[in-house]
1. Could you point to the residue in Gln14, Thr60, Thr70 farthest towards the positive end of the range 12-88's charge dipole, with +1 and -1 charges on the Cβ of Lys/Arg and Asp/Glu respectively?
2. Going through the range 180-260, which chymotrypsin sites (Phe, Trp or Tyr not before Pro) have at most 15 other Cβ atoms within 10 Å and a DSSP loop state?
3. Skipping prolines and chain starts, which residues have an amide H placed within reach, meaning under 5 Å, of the one on Arg197, given they are 5 or more residues away or on another chain?
4. When the dipole is taken about the Cα centre of the range 175-318, and only Lys, Arg (+1) and Asp, Glu (-1) are charged at their Cβ, what size is it in debye, to the nearest 20?
5. Of all beta bridges DSSP finds with both residues in the chain, what is the antiparallel percent, to the nearest 5?
6. Of all trypsin sites (Lys or Arg not before Pro) in the range 459-488, which ones are in loop regions per DSSP and have a Cβ with at most 13 other Cβ atoms within 10 Å?
7. With n ≥ 4 as the cut-off for DSSP H runs, can you work out [θ] at 222 nm for the chain, using -39500 (n - 2.57) per run divided by the number of residues, rounded to the nearest 500?
8. Mind running the shape call on the chain? Use the C-alpha gyration tensor, a ≥ b ≥ c as the square roots of the eigenvalues: rounded below 1.5 for a/c, prolate if a/b tops b/c, oblate otherwise.
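What follows draws every value from the coordinates through simple rules; no lab data is involved. Quick caveat, the model's predicted, so the values are computed rather than measured. Glycine also receives a Cβ, built like all others from the backbone with ideal geometry; neighbour counts cover every protein chain displayed.
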Amino acid sequence: MLLNTENRLVTDKQINQFFSPESKYTYEEYIQKTVHYVTNFLNNENFYSGESPSNLRSKTNLITANSNSTLSIDDTLKEIKELYLDHAIGFHHPNYVAHLNCPVLLPAVVGDIIASSVNTAIETWDQSTSATLIEQEIIQWICSKMGLPTISDGVFTSGGTQSNFMALLIARDHYAFKHFGLNLKENGWSSVVSKFRFFCSEKAHFSIKKNAALLGMGYNAVIPVETDDKMKINPNALVLAIEKEKQLGNIPIAIVATAGTTDFGSFDPLETIAKITNEYDMWFHVDGAYGGSYILTETHQEHLKGIELADSITIDFHKTMFQPVCSSAFLVRDTKYFKYISYYADYLNPLEHRDEDCPNLIEKSIQTTRRFDALKLWFTLKMTGDKAIGSFLEKVHYLALDLYHSIKDDPYFEIAHKPELSTLVFRYKGQGIQEEVLHDTINLYVKNTLFNSGQASVASTKLNGKVYLKFTLLNPKSTIDDLLNIIQMIKDTGRNYKNKN
Ligand SMILES: *Cc1c(COP(=O)(O)O)cnc(C)c1O
């Protein structure tokens, strides 16, 4: 037994909880027992237990009550099963079709266990060594898939939101430097920056506006441009919007094109937008958080044509490459653009010791301590392969199309669009009901009833002020029958609303 300075006892058992040579067998025991519980999670019948929020709250309140005594691995696993594993949302379940959460590939999980146990911090060479090289290899692989030039570069991020943040920041600081000789990183705000404007589709992800606000530029620095009936940005409206801002004395600095909008999976016309950014000397960012991975397919090459012209790209491997959260990347056309982010700290990466052979990835990241997230994808590429990932993505796209064809003539549904990716937005229409608001209410009732009962998780969104339901298909193991089964639940539940109200 050890004594610490406050005379509190620490047992051998506790000191052996560190990852260390003495605890090898403990490590194996913990992992094996844990694996057993996680495997049992797959036996949960529904995607969700349907436990009420108040019951979940009263269960989890016990955590603090227990804080004075410690538990064995068995008891702790038993407790977390009751608190969490029995009620966690199963993204692998065929009745989960709500958000952009994918079922994960097992090779990626293996990578994650290694990354967590070894606990490599990827920010400097002296904390990561070959892990840094592996991340860079993966980045070079995805840059070349995108068709970016050899001077392109990138970095893993926490997600599309952070990648889009980096894009807006670099676009802004580069424009300020190139056109006004300003060094915003060094000197901070300049009044001309208040006139800078970003342009994106009105269907673009909310993180564009949120990030503009975080950058001190405000939501109003983002000009949303109207979309056509396929939910793609209208290039004429885009040019008009740019001209209008110029007339107002504002300065258009960047266009954010979306390759796969979150709700409709629509692709903005990348080549046309590239031309417009060229004409106006603007930054060209492609938000491919959802659709970027489709570069691995044969079906979506045409949609992604022009992405090779981007100045920067967002891609989320945790959405469409079946990776556990987080796994995401930000790519730039030229590695030199990272100078707008880099910082040289005496204790980590002093400039005078800069060495190309031993890179410090912190110079490209807005994070400091950072997980070795690239390892998951490395395992996936080795064991699953990029061709199979491409086929999985094609499969979920065809599932969305199949579903579209199955329900488009059904009088109980109104379809918002023909899927370009793997989402379908539609609305249940109770027969004989005229009021749009009542349809809204019924659709929300359907969504909530299915969720609360643990039967199915369907998302909802709004289009032209009306409530729609949304299927996001990311499970290549799902079948059209699985989906039609959920469709039937929607009809039954919708009909029930009438009976109940
Ligand atoms: C999901 C999404 C994002 C945000 O990505 P996170 O990884 O959730 O931060 C950004 N853009 C689009 C188009 C998305 O679908």
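1. Farthest towards the positive end: Thr60.
2. Working: sites: Phe180, Trp189, Phe196, Phe198, Phe199, Phe206, Tyr219; in loops: Trp189, Phe206.
Taking the range 180-260 and a limit of 15 other Cβ atoms within 10 Å, the loop chymotrypsin sites (Phe, Trp or Tyr not before Pro) found are Trp189, Phe206.
3. Ile251, Ile253, Ala254
4. On the way: 13 positive and 18 negative charges, 115 e Å.
For this selection, approximately 560 debye.
5. On the way: 26 of 46 bridges.
Percent antiparallel among DSSP bridges in the chain is about 55.
6. Working: sites: Lys462, Lys466, Lys470, Lys477; in loops: Lys477.
Sparse-neighbourhood loop trypsin sites (Lys or Arg not before Pro): Lys477.
7. Details: 18 runs with 206 residues, N = 501.
Using -39500 (n - 2.57) per qualifying helix, the result is -12500 deg cm²/dmol.
8. Working: a/c = 1.77, a/b = 1.03, b/c = 1.72.
Taking the square roots of the gyration eigenvalues as a ≥ b ≥ c, the chain is oblate.
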